[in-house]
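Shown next, in structure tokens, is the structure this report addresses.
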Amino acid sequence: MPGALQRPAVVSRVSDLIGCTPLLELATTETGSRLLLKLEMFNPTGTAKIRMARQMVIDAEERGELRPGGRIIESTSGNTGLGLAVVAAERGYTFTAVVDHHASPDKLRGMKALGTELVYVADEGTEELATAAREELAEEMARGQDNTIFTEQHNNPSNGVGYFPVAHELHEALNGRLDILVGAVGTGGALCGTARELRGLIPGFTTIGVEPKGSIAFGGPAHDYYQSGTGTPEGAEIGALVDFSLIDEGVKVGDVEAFATCRAVARTGLLIGGSAGGVVHEALTRLPGLPPGTTMVALVNDGGEKYMDSVFNDDWMRERDLLDPAAEREIEELLTKLRGNR
């Protein structure tokens, strides 16, 4: 895709810094298999979701649905909202984010700092994920309003299109060699958008989707979970962008395992977000059993800096029965063994 693989030395807008994110080799096996992390936290706002936020706005402009001075409304747990906040600010739009208190406080503070209007669907102190209520309110707020769009990330085709450049970046960086792609499944845009475009570039790779235990995209049982910005909670519809024909295997990772992985990986010098912890946990535990010479890429869609009040806070973790030193040690030992092969 033109412009997807090379960033100019000087840019005029923050959104021009999107893309060209690096790959980090986290671990290798004695047989030459390796786990590479696609570090999307190197995008502005520290997340992959600014890719699709920009695409949703550009496509709305091209359709004539969003004009100068317009308003953008979205239901968000934080990262999409941060991306839309940047794009709205640099293009002169008003942005309203419909949120709940399940989101990381740092994400909410970040959106507000960027000029976003925050509208809550739940009272303070209520940590439940309220995706369905957020969606309903966002749709209601946009209905019938002139020059106002509800970007509706869960069902907006532009979400998936926004990740097409990721496929081209991987193809170029790996010289066409990729065996397994692992990524989180929330709206479905990141993993399925990347996989759809990548299938036209690299034949024969396997796609593994990861969601939290408690999410329903890959079946039940449904229950609450603390990994934010991913999964499909009970009562919410599976997004139209979750294309099961593009996902060869769907798996679930619990909060304890996901967060233990975040904390263990941090001790290698890398901070990753909670849902990224689930993805890396799945990839790491698979790596030793892969055929020799396998190249596996995990999409790390979020950095860990926004989770100092939660995943990396012992008191927060302990209060929710999520702190598990033994699980952390297990991941640390696996990392130590695999990193010793590099």
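The values are calculated or read from the model by the stated rules, or taken from the named source; none is laboratory data. Computed from a predicted model, the values in this text were never measured in an experiment. Virtual Cβ from ideal backbone geometry, glycine too; neighbours counted across all protein chains shown. The accessibility values were calculated without ligands, DNA or RNA, using every heavy atom of the protein model including side chains. Shrake-Rupley method; radii C 1.70, N 1.55, O 1.52, S 1.80 Å.
Some notes on this structure:
- Efficiency of FRET from Cβ geometry, Thr268 and Ser12, R₀ 35 Å, rounded to 0.05: 0.45
- Using a probe of 1.4 Å, the accessible surface attributed to Met41 totals some 30 Å² when neighbouring protein chains are kept in position.
- Alpha-carbon geometry of segment 1-51: the Rg and the Dmax are 14.0, 46 Å, given in that order.
- Computed from the Cα positions only, the extents of segment 68-201 along the three principal axes stand at 48, 36, 26 Å, in decreasing order.
- Relative to the Cα centre, the charge distribution of segment 7-117, modelled as +1 at Lys and Arg Cβ and -1 at Asp and Glu Cβ, gives a dipole magnitude of about 180 debye.
- Semi-axes of the equivalent ellipsoid for segment 235-288, Cα gyration tensor, largest first, Å: 25, 14, 10
- Percent carbon-and-sulfur accessible area, segment 281-342, ignoring ligands, DNA and RNA, probe 1.4 Å: 46
- Magnitude of the charge dipole, segment 64-119, Cβ model with Lys/Arg +1 and Asp/Glu -1, debye to 20: 120
- For the chain, the Cβ-based charge dipole about the Cα centre amounts to some 1260 debye (Lys, Arg positive; Asp, Glu negative; other atoms uncharged).
- With all protein chains modelled, accessible area of Ser15 [1.4 Å, Å²]: 0
- Qualifying GluC sites (Glu not before Pro) for segment 197-239 [loop in DSSP, other Cβ within 10 Å: at most 14]: Glu237
- Environment charge at Gly83 (Cβ cut-off 9 Å; Lys +1, Arg +1, Asp -1, Glu -1): +3
- Along each principal axis, Cα extent of segment 209-342, largest first, Å: 43, 41, 23
- Sum of -39500 (n - 2.57) over DSSP H runs of 4+, divided by residues of the chain (222 nm, nearest 500): -10500 deg cm²/dmol
- Each peptide in 288-299, 68-79 was scored by the mean count of other Cβ atoms within 10 Å over its residues; highest first, the order is 68-79, 288-299.
- To the nearest ten degrees, helix 131-142 and the longest principal axis of the Cα atoms of the chain are 30 degrees apart.
- Surface accessible to a 1.4 Å probe, Asp224 within the full protein complex, Å²: 120
- Sorted on the mean count of surrounding Cβ atoms within 10 Å across their residues, most packed first, peptides 321-328, 90-97 read 90-97, 321-328.
- Convex hull of alpha carbon positions in segment 38-121: directionally averaged projected area 5.4 nm².
- For the chain, the pair-distance distribution built from all alpha carbon pairs, in bins 10 Å wide starting at 0, is 6, 27, 36, 23, 7, 1, 0 percent.
- The residues of the chain have, on average, 41 Å² of accessible surface per residue, using a 1.4 Å probe with all protein chains present.
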